[in-house]
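Undergrad: Sharing a structure with you now.
Since every read-out is calculated from the coordinates, none of them should be taken as a lab result. Bear in mind that the values here come from a model prediction, so they are computed numbers and not experimental data. Every residue, glycine among them, receives a Cβ derived from its backbone with ideal geometry; neighbour counts consider all protein chains shown.
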Amino acid sequence: MTTTAAEIIAAGATPDFRTLTIDKGTNDGLRPDLAVIAPAGVVGRVVMPTRRAAKVQLLIDRNAAAGAIVERSRAQGVVVGVGGDRLRLEYVSELADVVVGDLVMTSGIDGIYPKGFAIGRVEIVEKSGSAYTRIIVRPTVDFTSLEEVLVVLPPTPARDRAQGSP
Amino acid sequence: MNAARVFLVVAATLALQTTLARFLPTGMDAVDLVLVGVVYIALTSGPVTGLVTGTCAGLAQDALASGVLGIGGLAKTIVGFAAGRVGTQLIVTATLPRFVVFFGATVVHAVVFIGLYMLLDLRQFPAPFVTVVEQAAGNAILGVLVFQVVELLPGALERRRAAKTWRRR
């Protein structure tokens, strides 16, 4: 996996969309739907790259989502942003085992976020009978204090050859 | 003079929104500084200036955000005009009426903004009520504070100058 480091140069111009602007753009190989990560976990995805900068949609945005897996029980679901500072884990089977404190990671099924990156920890689990009604996840990334991020670049044949891939 | 003031407020609030807003504590990070600026201008300069400020600020915000160009512009235009009308028709010099105007302006803005996005099926805003109320409260508190500071600042400077002159004597 190849990444490029980027610095955050601005926050979103409106609080209705949770975005950040980074100082790398198409000149550096960025394109839409590339995953953006930080040491603590997943930050979001590139949505609007220009030549020298790119807008990143944060995972906590109301319209953001990522395929997720619970590390302990391997229960799968989809983590969606709610516009606030928490995430919601949805589409979890009622047979799945999810408890407070579980680490939620990317499952890789969305084709954007690579598998195995931390998303957050389960904070609230509410059940109605056997079905889960609400699972709230606290993100591992503190979106208010981010300064630098890594953008996961798409694989290219030249890069694959350099890394010894077949 | 009015044009320079509008430009200055739009530029300053946009700069603050894109640099400082994300460092605000949780709950206050939904504050829309640009909207606060538009309502402030509308209350102090009237509906036409409010309308123009709203249009300019909304379009600039739309251009910088990842949304559709014009929806935020329309929402802020309506809010700027309505707040200006309220400012000319009613007495809004006390803290509580100002709080109500900022709160109401944020709610109207959210209704138009979210309503248009949902009506055109461009974005989903699942259960936005809590966020809107938080944002309205944050904007109202900030708006009232801005008014207090702007009104108290000339008096404070005058008192400081007078105290210095008195000490020299």
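Undergrad: With chain A treated as a Gaussian network of Cα nodes joined by springs under 10 Å, which of A:L30, A:L153, A:L95 yields the largest mean-square fluctuation?
TA: A:L95
Undergrad: Here is a further query. Tell me the relative contact order for chain B as a rounded percent, counting alpha carbon contacts under 8 Å between residues six or more apart.
TA: Value for chain B: 21 percent.
Undergrad: On a C-alpha basis, how far is the centre of the range B:1-16 from the centre of the range A:96-124 in Å? Whole number, if you could?
TA: 43 Å
Undergrad: At 7 Å along Cα-to-Cβ for each site, give me the label-to-label distance between B:T44 and B:K164 in nm.
TA: The modelled label-to-label distance comes out at 2.3 nm.
Undergrad: What is the set of long-range amide H partners of A:A68 at a cut-off below 5 Å, with H atoms built 1.01 Å from backbone N?
TA: The list, which skips near neighbours in sequence, is A:G77, A:V78, A:V79, A:S107.
Undergrad: What distance in nm lies between label points placed 7 Å from Cα along the C-beta direction at A:R52 and B:R5?
TA: 3.5 nm
Undergrad: In nm, to one decimal, how far is the A:E94 label point from the A:S130 one, both placed 7 Å along Cα→Cβ?
TA: Each label point is offset 7 Å from its Cα along the Cβ direction, giving 0.6 nm.
Undergrad: Restrict the search to the range A:24-97; then list the GluC sites (Glu not before Pro) that DSSP places in a loop and that have at most 12 other Cβ atoms within 10 Å of their Cβ.
TA: Answer in residue order: A:E94.
Undergrad: For B:Q124 and B:V149, what does the FRET efficiency come to when R0 = 30 Å and r is the distance between their Cβ atoms, rounded to the nearest 0.05?
TA: 0.20
Undergrad: Give me a single rounded figure for A:81-87: the average over its residues of other chain Cβ atoms within 10 Å of their Cβ.
TA: Mean shielding by partner chains, rounded to a whole number: 4.
Undergrad: Roughly how crowded by other chains is peptide A:26-37, in terms of the mean Cβ count from those chains within 10 Å of each of its Cβ atoms?
TA: For peptide A:26-37, the averaged partner shielding equals 0.
Undergrad: Can you run phi through the Karplus equation (6.51, -1.76, 1.60; θ = phi - 60°) for the range A:75-92 and list ³J(HN,Hα) in whole Hz, with x for Gly and Pro?
TA: 5, 9, x, 10, 8, 10, x, 10, x, x, 9, 10, 10, 10, 9, 10, 6, 9
Undergrad: Right, something else. What does the structure give for B:63-69 when I average, per residue, the other chain Cβ atoms found within 10 Å of the residue Cβ?
TA: The mean count of partner-chain Cβ atoms within 10 Å per residue comes to 5.
Undergrad: Given only helices, namely DSSP H runs of n ≥ 4 each adding -39500 (n - 2.57), what is the per-residue ellipticity at 222 nm of chain A, to the nearest 500 deg cm²/dmol?
TA: So the calculated ellipticity at 222 nm is -1000 deg cm²/dmol.
Undergrad: Looking at B:N139, B:F125, B:A163, which one has the Cα that reaches farthest to the positive end of the dipole of the range B:112-169 (charges on Cβ: Lys, Arg +1; Asp, Glu -1)?
TA: The one lying farthest along the dipole's positive direction is B:A163.
Undergrad: Roughly how many debye, to the nearest 20, is the charge dipole of the protein assembly as shown about its Cα centre, given +1 on each Lys and Arg Cβ, -1 on each Asp and Glu Cβ, and no other charges?
TA: 1340 debye
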